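Below: the structure, in structure tokens.
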Amino acid sequence: MKKKILQKLYHGFVQLHILHHTKQGPVYGAWMMEELKEHGYNIGPGTLYPLLNKMEHSGLLTKKKQIVGGKVRKYYTITPLGLEVFKDAGEKAGQLFHEIEGRQNDKL
């Protein structure tokens, strides 16, 4: 039960990470998996690519295909809607993390 609840929470964090990085410039799946791994998220292609597709279909990302080394690579970029969602969610997350941090410092 705990694992399932945490997966749901992490799913939202991963989406924020994706929006953050696509705001900085186009990203592709393999790079995003490595970036997420650096933050402790061990997400494989079977989880990441459906999530990227879902975010694209929701209007948060756009996808552009490009040939790299003879293979098709899909680059994802944030949309104006994705930027709005990122800003709103970022503000809420910032408020929450500030509150959590404050409470943890009170206990020290």
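Since every read-out is calculated from the coordinates, none of them should be taken as a lab result. Note that the structure is a prediction, hence the values are computed from the model and not measured. Cβ atoms come from the backbone with ideal geometry, glycine included; neighbour counts cover every protein chain shown.
Of the residues Gly44, Gly59, which single one is within 20 Å of Gly82 (Cα to Cα), exposed (fewer than 15 other Cβ atoms within 10 Å of the Cβ) and of a type outside the set (Lys, Arg)?
Numbers: Gly44 fails: within 20 Å of Gly82 (Cα to Cα).
It is Gly59.
Within the set of pairs 6+ apart or on separate chains, which have a first residue in region 91-102 that is closer than 15 Å to Leu9 by Cα, a second that is of a type outside the set (Asp, Glu) and surrounded by 10 or more Cβ atoms within 10 Å (Cβ to Cβ), and C-beta atoms under 8 Å apart?
Ala93/Leu16
Could you tell me which residue of region 6-62 is farthest from the chain's Cα centre (by Cα), considering only residues that are among the hydroxyl-bearing types (Ser, Thr, Tyr) and under 18 Å from Arg73 (Cα atoms)?
Thr62
Which members of region 23-34 meet the condition of being more than 13 Å from Gly90 (Cβ to Cβ) and in contact with a helix residue (DSSP H, G or I) (Cβ under 7 Å, 6 or more places away or on another chain)?
Val27, Gly29, Met32, Met33, listed by residue number.
Among the residues of region 6-14, is there at least one that is closer than 23 Å to Asp88 by Cβ and in contact with a strand residue (DSSP E or B) (Cβ under 8 Å, 6 or more places away or on another chain)?
No - not one qualifying residue is present in region 6-14.
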